[in-house]
Each structure stands twice: as structure tokens, then as C-alpha cells.
Amino acid sequence: MSPKTLTDGTRTGAEQGPSAASAKKWWILAVVALAQLMVVLDATIVNIALPSAQADLGFSDGNRQWIVTAYALTFASLLLLGGRIADLFGRKTAFLIGVVGFAAVSALGGAATNFEMLVTARALQGAFGALLAPAALSLLNTTFTDAKERAKAFSVYGAIAGAGGAVGLLLGGILTDALDWRWTLYVNVAIAVVAFAGGWLLLSNHRDAANSKLDVPGTVLVAAGLFSLVYGFSNAETHDWDSPQTWGFLIAGGALLAAFTWWQTRAAHPLLPLRILLDRNRAASFFAVLISGAGMFGVFLFLTYYLQLNLGFSPTKTGVAFLPMVAALMVAAQIGTTALVPRLGPKAVIPLGFAIAAVGMAWLTGIGVGSHYVSAVLPQLVITGIGLGLVMPPAMQMATGGVAAEDAGVASATVNAMQQVGGSIGTALLNTLAASAAADYLVGKNPANKLVQAQATIESYTTAFLWSAGFFAAGAVIAFLLFRRGVPQQDPDAAPVVHM
């Protein structure tokens, strides 16, 4: 192959030498994975610290949810914009700005002296996360073009995306117990220093969509639509479903996203080119990420309640209790992406993963007031982790595979948006269903009786677990129907150029 220099002056991997280029790829993976871990951690790491933060800053129970919701709202609504910015102005630039901004507002949140300061910091975290997450995934997509290397890279990235919530619970518990709730935010500064240094040294700033322009009307429509959807589902946790603040925003979100889809067929430079969505395997992968995001919250949220409130686990012990699931997920991720999908194809592997996860969650409904972790929780967690490990990494790989380099950022943003919206839907639905189950159980009983009250909470948890199993079962059916048969073939002529 004749020597080539990319438009930003960086020589391609072939001219750097095979061993040097290969080593550099894996260092880039380490940097990207670290940055992604920082973003995923913050979806859950603060949750365990909320009671301590509330006691310290003195905000009400009603305001407490906004510490979580503020992050989700800005993150979800700005993801597609963040992904397009990475395509237009360069992934290195987007990555580094995202890392520095995320660290700065994390420090601001850690130093918060009142509720307003903390919730503002969390909202800004979501905004910078929306810039950082798509840039990180698109860097992975354009760096690893060899099928085998790409599978290994996505097994790592997908495992972090799937298990990061559990790691956040563990780290949040350790930091809150050993230091202070503020360190659940300060820890991002330490992570960001390493990620920034690695990104500065290893990445180049190739602009694959430099000749395009930002679709401003599309940006406004999709940002407002995603904001309304997430806000509507968030309101379902604190309001009834018949409240205008719930159904009104959900209807508005649906209408705005429909208008966005219509506009994308007419825009000269669409924010989300519909060619990204029209590939059958890619569309199936987006659905898989959405459904797994919705179902995973049944594991993290309600099992956390059960371990702490019913079994008396400390925050740190609760985090440790999730580690077997994380280990199982990471092993399954490696096997799924590097061995099973290349041999059997996604139509066999991803529905199988959903089915296994559904079994694990259905089995978890057997918990009781006097159950033990080792017998009633641990095996189910391991099985669920195996299932999710066969779903998340392969789906993320399929969702971004074969995308043109100029669309890598926005395709990556769509993956993140699906996971975030799925999480919002799952949280709202499962919270509502769990609350209804507890209320139904208490009808005709004495709520002052501690045993009755404890059993009511068990009813709420098992209802959430059963519905999570239902989500995963539906995911198995949908994935089986949508994915094409056979093993996806990578077209070497269509593969994006390696930009390192």
C-alpha cells in the first residue's frame, strides 16, 4: 500500500508500523473506555449518596429526584447534537471538551453549598456527557475496522455500558461510606485527568463531515422531543399518569419526534440521516439497546432497595453484591462478540441473551422477607448478567457497524439516546407498577404492622422484577423477528478509515 497522510496530517496505521499502530489502537480503547465509564457511572453513583447529600444541603424529598432527573434530561435531549458536533468539528475536539467540561462541573457539584448549585451541576454534567459519550463511541467505531479487533473492542465497551451502573453503585457506596457524598462527584476529576492526557496524546482530530452544516431546525425538534419524553416519564414517578405533566409531555415528545423524522427527509444536511435507521440489523440493534436499558433498571433500582432496606446491606456491601453480575456480564460480552456472533449471527445470539436475562429476572421474583443473598439473589444476578452480556455489546457493535465515517458520531449518539430513553421508560413504568402492587397488597390489611409493610415492599420488588422479565422476553421476540439471518459480512471497501 502506498504511503498516505490523512487530512489532519496524521499518517495512517500502515505507515506507522503494524505493531505501533496496533498498540496505539488498544491504548485508544483504554482511554475511550475510561471516559465512557465516567459517563455511565454518573447515572447511578450519586444515587447512593443522595440521602447524605439531602441531609447536608437540606433539600426536600420532592426535590431529591431532580438530582437524578436533571442529568438524564440534558444528557438525553442533547445526545444527537453532541454526536453531530463530533462529526462536524472533530471527534478529538469533542472528546477533550467533553472530558474537561464534565470534570469541571463535577467539581462544581462536589463543592455545592445548596440544592440549586447541585442540580445545576448535574444538568451541566448531562450536557457535557452528551458531547463526550457519542465522541467516545464513534472513536471506537472509526479506530477498529478489522472484524476480530472490533469485536474485542466492543466486548469491552459494551460490558462497561452494561455494567457501569452496578460499578457506580459500588463506587458510590465506598466513597460515601469512607469519605463523603461529595467524592462521588470529585472522583470524576481524577478519571478525567487520565482520560484527557490519553486523548490529547493518542487521538487526532479528523473531521469526516467537515463539508456538512448543522441542521438547526432538526436539532431543536429532536432536543425538545427527547426532553419532553424523558421529562414526561420522570413526572410519572411523582405524578399520576393522568396528570397533564405526564401525558402532556409524552404526547408533545411524540409529536416533536414525528416532526423531526419528517424534517429529516427534507433537510439538506439532516442531523440524523435516515439511511442510518433504514438498515434492518441496525434498527433491530437500536431496539435491543432500548429494551435492555428499560429492563436493566429493574435489576439496579429495586434490587438496591431490597438489599439495603430488607437485607440490611450497607451501601458498600450493596455495591459488592452486584460484582458477580458485572463479572458474568463481562465474560459473556467477550464470548458473545468475539465467538458467537461471528459464527452464529445476531439473530441467534441476541434473542438468546434476552431469553437468559428474562429467566434470571423471573427467578428473582422468588425473594422473600427472610431470603438470603447467596441462595435467592446471587444465582439470579449471574444468569441475568450472562444474558445482558450477550445483548448489549453485540447490539452496540451492530448498531454502529458499517456506518459511513461522516455519520459515526450521530449513529453513536443514537445508541446512547436509545439506552437513556429506555432507562427513563423503564424507571417510570416499573416505579408505577411497583407502587400499585404495594398499595394493592395493603388493601384490607393493617399497614402499621411491620411484617405486613415488609411484605408489601417485597410485592413491589417482585412486580418490578416480573415486568423486567417481560421486557426482556419481548426483546427476545422482537430481536428474533427483526435481525437478518446469517453472519453479517463486513465490506472492506466500505470500512471507515482508521483515524488515530
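Given R0 = 41 Å, the distance between the Cβ atoms of Trp26 and Leu344 translates into a calculated FRET efficiency of 0.95. Please give the residues of region 414-433, grouped as numeric ranges, whose backbone N is less than 14 Å from a label point set 7 Å along the Cα-to-Cβ vector of Trp241. Within reach of a label on Trp241, which here means backbone N under 14 Å from a point 7 Å along Cα→Cβ, region 414-433 contributes 425-433. With all pairs of different C-alpha atoms in the average, the Kirkwood value for the hydrodynamic radius of region 175-293 is 18.2 Å. Could you tell me whether region 356-438 comes out rounded, prolate or oblate from its Cα gyration tensor? Rule is a ≥ b ≥ c as square roots of the eigenvalues, rounded for a/c under 1.5, then prolate if a/b exceeds b/c, otherwise oblate. Judged from the Cα gyration tensor, region 356-438 comes out oblate (a/c at least 1.5, b/c at or above a/b).
The angle between the Cα long axis of helix 45-57 and the main principal axis of the chain comes to about 60°, on a 0 to 90 degree scale.
The base-10 log of I(q)/I(0) for region 265-385, evaluated at q = 0.19, 0.22 Å⁻¹, reads -1.04, -1.26 [Debye formula, identical scatterers on Cα atoms, solvent excluded]. The order of the peptides 385-398, 283-296, 180-193 by mean Cβ neighbours within 10 Å, most packed first, is 385-398, 283-296, 180-193. The relative contact order of the chain comes to 23 percent, based on Cα pairs under 8 Å that sit 6 or more residues apart. In this simple spin-label approximation, Ala259 and Val193 carry label points 7 Å from Cα along the Cα→Cβ vector, and these lie 4.7 nm apart.
If you add up the charges near Leu169, with Lys and Arg at +1 and Asp and Glu at -1, over every other residue whose beta carbon is less than 13 angstrom from its beta carbon, what do you get? Charge balance in the 13 Å sphere: -1.
On a per residue basis, the convex hull of the C-alpha atoms belonging to region 53-159 measures out at 105 Å³. Past the 20 Å Cα-Cα mark, which pairs from Lys152/Lys317; Lys24/Lys152; Lys24/Lys92? Lys152/Lys317, as the Cα separations exceed 20 Å there.
A short reminder: the numbers here are calculations on the coordinates, not readings from a lab. Here the structure is a predicted model, which means the values were calculated and not measured. Cβ atoms come from the backbone with ideal geometry, glycine included; neighbour counts cover every protein chain shown.
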